[in-house]
Amino acid sequence: MTIRPGRRTATAVVAALGTGALLGAAPAAPAATASSTAATAAPTMTVLPTGVPGKSYSDPTGVNRDGVVVGYAYASGQGAEASAVRWAADGTPATLPPLPGTDHAQALGVNDANLAIGISWPAAASSWQSTAVRWAADGTPTALPPLPGDLYSRAVAIAGNGVVVGTSYASSVDTRAVAWRPDGTTVTLAPLPGDTTSEVIGVNSAGVAIGRSRTGIGAFHGIVWRPDGTPVRFQTGPTAGSGDWPVAINDAGTVAGVADRPQGTGSSRHGLVRSPGGQLRDLGAYTQPTAINASGTVVGSYQPDPAALASHAARWSPNGTRTPLPRQPQTGGNSTAVGINDAGTAIGYAWDGIPARQYQSGRIWAADTTLTDLDPANTAGNTTLFVNNAGLVVGLALLRSPGSLYPAHVTAVWRP
């Protein structure tokens with residue numbers, strides 16, 4: 001399944017990590033054939049109820065192999081007074097309680113053992129003044145405290161073996177990446193030498209974490225952390241602009257990421273794929289990977305014409321060959337892929353003009369690139385976020401009420 005923050009499963013042991021040389025980008029494959037661009041009928045969408053009185057809005061944040069979905073519900077705004085929710089595979093909601101002495105919570109990930117992670121905070125504080133939490137399969141919450149000297153903590157992702165990674169901090173500009181082992185032991189994920197702050201992005205089943213560090217507001221430096229917390233540089237090539245950082249890791253230890261490379265008087269974004277041994281493959285300029293599956297197939301987007309600033313969804317094979325993913329029926333718009341499962345089913349969305357989610361239209365691409373438009377009539381709007389190995393797609397449905405300026409968004413699933 002897709003390996004991204006918030007959805008970690010255990011399948012393999014990671015090989016030793018090291019540094020490596022930059023390899024050339026593989027050539028692009030021919031564009032998808034006309035037969036694969038025809039949109040197929042959309043599967044039935046099911047809206048998941050929150051089960052929380054007075055809180056009908058919701059955001060999904062993860063799904064596991066059995067179709068258990070987690071997220072949070074709220075009345076309005078961006079979830080300042082949120083309730084953590086875990087939906088069973090049949091869509092039945094259950095509220096995950098906040099930590100004792102707190103009032104609000106958000107679930108931010110789930111593993112295949114139905115362990116959920118997130119944050120909890122008191123009513124007198126804001127959500128960034130939170131404590132990380134891990135919920136057992138029966139819903140019992142356990143606090144994951146910050147590192148000594150810090151005030152707050154936030155869980156970001158959970159591995160199949162129960163290792164949780166996240167951030168410990170005293171302020172928004174003074175962050176330290178951290179891992180919490182199943183027995184409660186904390187492991188500091190140190191920044192690279194010369195940097196002062198670090199943040200984690202994801203983790204795989206062997207406890208190999210990915211993230212980035214920097215000093216102040218300087219450029220980011222990507223990191224792959226060994227399970228003992230030792231930081232290894234994500235890549236060794238030249239950078240400019242915002243620097244470089246990983247975005248996703250699979251259980252084999254292959255990492256997808258990005259680097260801003262010098263180009264003329266500025267820079268261009270390059271997608272990178274790092275092998276477990278540290279060798280790098282450059283996916284080319286103006287590429288943005290977002291997810292990777294067990295075989296090392298990567299999805300994301302690229303700009304066919306950098307001057308036009310339009311994004312086009314794409315898939316890269318393990319050897320780096322790029323296959324554009326059809327955008328029909330929005331041939332003149334933008335698209336991106338955000339997830340891929342081990343069967344090669346990719347998900348994403350398309351948009352015209354403004355990329356805000358109320359203007360997005362969900363997409364599913366089969367392994368042969370056949371396209372399914374999840375809102376062919378463009379009547380409400382929706383966006384995809386996650387797909388598991390069974391092909392269950394989880395995302396947001398945008399419900400438009402007469403006279404309402406903004407649509408209400410709720411968690412939805414599309415079953416194969």
Can you work out which of the residues in the range 214-228 that are modelled with pLDDT of 95 or more and open to solvent by less than 50 Å² (accessible area, probe 1.4 Å) is farthest from A157 (Cα to Cα)? A219
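Listed here are the residues, each with its yes/no results for (1) assigned to a loop (DSSP other than H, G, I, E, B); (2) of a type in the set (A, V, I, L, M, F, W, C); (3) in contact (Cβ under 8 Å) with a residue 60 or more places away in the chain; (4) open to solvent by less than 40 Å² (accessible area, probe 1.4 Å).
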position	(1), (2), (3), (4)
S127	yes, no, no, no
S153	no, no, no, yes
Y169	no, no, no, yes
R212	no, no, no, no
G237	yes, no, yes, yes
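Filter the range 254-297 down to residues that are hydroxyl-bearing (S, T, Y), over 23 Å from N388 (Cβ atoms) and surrounded by fewer than 20 Cβ atoms within 10 Å (Cβ to Cβ), then give me how many there are. Before the answer, list the steps.
Of the residues in the range 254-297, the ones hydroxyl-bearing (S, T, Y) are 254, 265, 267-268, 275, 286-287, 290, 295, 297.
Subset that is over 23 Å from N388 (Cβ atoms): 265, 267-268, 275, 286-287.
Keeping just the survivors that are surrounded by fewer than 20 Cβ atoms within 10 Å (Cβ to Cβ) gives 265, 267-268, 275, 286.
Qualifying residue count, the range 254-297: 5.
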Would you tally the residues in the range 129-143 being open to solvent by 40 Å² or more (accessible area, probe 1.4 Å) and within 20 Å of G160 (Cβ to Cβ)? 4
If we scan the range 298-321, do we find a residue that is of a type in the set (S, T, N, Q), part of a loop (DSSP other than H, G, I, E, B), touching an Asp or Glu at 6+ places or on another chain (Cβ under 8 Å) and surrounded by fewer than 19 Cβ atoms within 10 Å (Cβ to Cβ)? no
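Could you grab me the full set of residues in the range 78-109 that are at pLDDT below 95 and either touching a Pro at 6+ places or on another chain (Cβ under 7 Å) or open to solvent by 50 Å² or more (accessible area, probe 1.4 Å) (or both)? Before you say what the answer is, go through the steps one by one.
First pass over the range 78-109, keeping only residues at pLDDT below 95: 78-81.
Scanning the range 78-109 gives Q78, A80, E81.
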Given the conditions (1) over 23 Å from the mean Cα position of the chain (by Cα); (2) over 17 Å from S83 (Cα atoms); (3) surrounded by fewer than 18 Cβ atoms within 10 Å (Cβ to Cβ), every one holds for A123 apart from (2)
Taking the range 239-253 as the region of interest, how many residues are open to solvent by less than 30 Å² (accessible area, probe 1.4 Å) and within 15 Å of A285 (Cβ to Cβ)? 2
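Just to confirm my filter: which strands (runs of 3 or more DSSP E) fall fully inside the range 353-416 and include at least 1 residues that are at pLDDT 80 or above, within 20 Å of the chain's Cα centre (by Cα) and not basic (K, R)? Write out each step before concluding.
Working: elements: 361-365, 371-373, 382-387, 393-399, 408-414.
Output list reads 361-365, 382-387, 393-399, 408-414.
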Looking at S56, S76, which one is farther than 23 Å from A390 by Cα, of a type in the set (S, T, Y) and out of contact with any Ser or Thr (no Cβ under 7 Å at 6 or more places or on another chain)? S76
If you take the residues of the range 189-221 that are among the polar types (S, T, N, Q) and more than 22 Å from the chain's Cα centre (by Cα), which of them is farthest from L144 (Cα to Cα)? T215
Every residue in the range 274-295 that is assigned to a strand (DSSP E or B) and either more than 20 Å from the chain's Cα centre (by Cα) or β-branched (V, I, T) (or both), please. L280, R281, D282, G284, A285, T287, T290, I292
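The values are calculated or read from the model by the stated rules, or taken from the named source; none is laboratory data. Everything numeric here is computed off the predicted structure, so don't read it as measured data. Note that each Cβ is placed from the backbone with ideal geometry, even for glycine, and that neighbours are counted across all protein chains shown. These area figures cover heavy atoms from the full protein model, side chains too; ligands, DNA and RNA do not enter into them. Shrake-Rupley method; radii C 1.70, N 1.55, O 1.52, S 1.80 Å.
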